[in-house]
Every structure is written in C-alpha cells, then in structure tokens.
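**Q** Sharing a structure below in structure tokens format, with a few things to ask.
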Amino acid sequence: MRKQGAIKRTLGILCVLLFSWYSAAASEGLPKGIMKLDGRAAPALLLEDMDGQTWDIDKARGRWVFVHFWAAWCGPCRREMPTIQAIYPQFDSAELEIVVINTAESEDTVFEFLAAVAPDLNPLMDKDGLLTERWQPRGLPATFLVDPTGRLQYLALGGRPWDSPDYMKFLINIIE
C-alpha cells in the first residue's frame, strides 16, 4: 500500500511539473519551430552582398535583425524563401532588418534562384561558408533573431511560413 501511495504521489508531482513546463512554454506564445535562446552575443557578421556592398551587423544596433541562412539546393529553403519575400516589404528596416545569407554558392546560382522567388531580396554572400560555420545554424534553413542590443534571442530551424498569421504576429510583437 505504501508503495502505491508513493507512486501516486510521484506521478502526481510529475504531472504538475509537466503541466507547469507546458504552460510556461505555451505562455511564451512562440510559433511552431521557434526556440528561445540564451541571449548570448551574436557572432560577428560582415559580408558583401551581390552588388559588392558590405553589411555589418554591428551597424544594425538599435533594431531587430532577422538573420536567415539558406542555399538554393535546400528543399525547405526553396519553399520558405517566397514567404520571406512576402514579409520583406511589410517591415521597416529601422525596426526589423531582414538579412538573407547564402551559404557557399555561386552568384549565378543565387541570382537565378532569387530572381524567380524573391526578387526584392539582396543576399549577403558567404562564399566560403566560414561565416555560416561561425554562426553554427545546425542545418539549413535557419533564422536567428538578433535583438537591438546584438544578442541572439530566437532561432527558427527548418522552413517556416513567415507570412502566416502566427509568425507575423510573433515578429510584430518582438519589435514593439
């Protein structure tokens, strides 16, 4: 009898803890596939775009930055890029700057792909893949959301429907 009582109490405590964890996760209001990060400083990011213009994340202080790693050969990246194109004109770059970083592909490949699905985006070119290695996205596509102080706050692994209501609401909420 004592064993059964102890087991029931233990199960009850586990249920309460599990419910508390689930409630905390749900209260974050994060869309599927978005993970809260620890707020560590974002790695350096200094790359050229296809026009040869240099972009430096340090100059983006004071606004959120959507740092998206992708490649044209990546199926989920191909499906996701039109949703990034769709949200691009909806955000003022003074509040949320959208930066797409191609990982180690030729300019011809990148130009051909983006011309078809995301003509408004001007990608940064990680020609040797070393910057991608420094950021360690754990696969493609991956999107980091960097806060106005230069800290990593969120990570989205895999393709996300950024133009859907849940993701748009999330992005609007973080910049407000």
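Listed here are the residues, each with its yes/no results for (1) in contact with a helix residue (DSSP H, G or I) (Cβ under 6 Å, 6 or more places away or on another chain); (2) of a type in the set (A, V, I, L, M).
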site	(1), (2)
105	no, no
108	no, no
126	yes, no
129	no, no
168	no, yes
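**Q** Output the strands (runs of 3 or more DSSP E) that fall wholly within the range 113-176 and possess 2 or more residues being farther than 16 Å from residue 97 by Cβ, at pLDDT 95 or above and not β-branched (Val, Ile, Thr), or say none.
**A** Fully inside the range 113-176 and qualifying: 124-126, 152-157.
**Q** Name the residues in the range 61-86 that are surrounded by fewer than 20 Cβ atoms within 10 Å (Cβ to Cβ) and out of contact with any helix residue (DSSP H, G or I) (no Cβ under 6 Å at 6 or more places or on another chain), would you?
**A** Within the range 61-86, 61, 62, 63, 73, 74, 75, 76, 78, 79, 83, 85, 86 meet the criteria.
**Q** Could I ask something else about it? Please work out if residue 99 is in contact with an Asp or Glu (Cβ under 6 Å, 6 or more places away or on another chain), aliphatic (A, V, I, L, M) and within 23 Å of residue 168 (Cα to Cα).
**A** Judged against the criteria, residue 99 is not a match.
**Q** Follow-up. Can you tell me which of 101, 87 is β-branched (Val, Ile, Thr), part of a helix (DSSP H, G or I) and under 15 Å from the mean Cα position of the chain (by Cα)?
**A** 87
**Q** From the list 163, 108, 92, which residue is without any contact (Cβ under 8 Å) to a residue 40 or more places away in the chain and more than 28 Å from residue 41 (Cβ to Cβ)?
**A** The unique qualifying residue is 108.
**Q** Filter the range 54-74 for residues that are part of a loop (DSSP other than H, G, I, E, B), under 20 Å from residue 113 (Cβ atoms) and of a type outside the set (A, V, I, L, M) and give the result.
**A** Result: 73, 74.
**Q** Could you say whether any residue in the range 134-154 is farther than 15 Å from residue 45 by Cβ and of a type in the set (Asp, Glu)?
**A** Checking the range 134-154: not a single residue is farther than 15 Å from residue 45 by Cβ and of a type in the set (Asp, Glu).
The values are calculated or read from the model by the stated rules, or taken from the named source; none is laboratory data. Values in this document were obtained by computation on a predicted structure and should not be read as measured data. A quick note on method: Cβ atoms are made from the backbone with ideal geometry, for glycine too, and the neighbour counts reach across all protein chains shown.
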